[in-house]
Amino acid sequence: QVQLVESGGGLVQPGGSLRLSCVASGSIFRVNGMGWYRQAPGKQRELVAEITSGGIRNYADSVKARFTISRDDAKNTVYLQMTGLKPEDTAVYYCNARVTVVGGRWNDYWGQGTQVTVSS
């Protein structure tokens, strides 16, 4: 019923920047909270940043001074602007959205993941 499509990942040198985008589409009545998670090799998936429908933002301590999450409700899109990237930021980044579907209830949906590699 709902699909999330991510873009913007890639290879970048330490200190560089990337902007991730995630577009939700399908039988959407309302997009509630949206967020970004990441999973590095050998580690658990962790929350990077989230933004509620009211615009409240939360960040992991490790990225708080460097990453910015934002959303464009007219486009059902969430962004993650990443600056000052470090090798430890290397991971697969996943988009998440809590969506109320047309004629139904809310559910959590996930993107397929996009690779971010920070290496010199």
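Which loop chymotrypsin sites (Phe, Trp or Tyr not before Pro) in the range 48-120, with loop taken from DSSP, have no more than 11 other Cβ atoms within 10 angstrom of their Cβ?
Nothing satisfies the criteria.
With the other protein chains left in place, how much accessible area per residue, in square angstrom, belongs to the range 71-114 at a 1.4 angstrom probe?
Here the per-residue accessible area is 49 Å².
Note down the net charge around Ile56, summing +1 for each Lys or Arg and -1 for each Asp or Glu among other residues with Cβ under 13 Å from its Cβ.
+1
At a 1.4 Å probe radius, carbon and sulfur cover how many percent of the accessible area of the chain?
Solvent-exposed carbon and sulfur of the chain make up 48 percent of the total.
So what are the ³J(HN,Hα) numbers for the range 109-119, from phi and the Karplus equation (6.51, -1.76, 1.60; θ = phi - 60°), rounded to whole Hz, Gly and Pro as x?
Those phi angles translate into 10, 10, x, 7, x, 9, 7, 10, 10, 10, 7 Hz.
Tell me, what is a quarter of the convex hull surface for the C-alpha atoms of the chain, in nm² with one decimal?
The number I arrive at for the chain is 7.1 nm².
Please check: in the Gaussian network model of the chain (C-alpha springs, under 10 Å), which one of Ala74, Ala91, Ala65 has the largest mean-square fluctuation.
Judging by the Gaussian network model, the answer is Ala74.
The values are calculated or read from the model by the stated rules, or taken from the named source; none is laboratory data. Values in this document were obtained by computation on a predicted structure and should not be read as measured data. Virtual Cβ from ideal backbone geometry, glycine too; neighbours counted across all protein chains shown. Heads up: the accessible areas ignore ligands, DNA and RNA and are worked out on the full protein's heavy atoms, side chains in. Shrake-Rupley method; radii C 1.70, N 1.55, O 1.52, S 1.80 Å.
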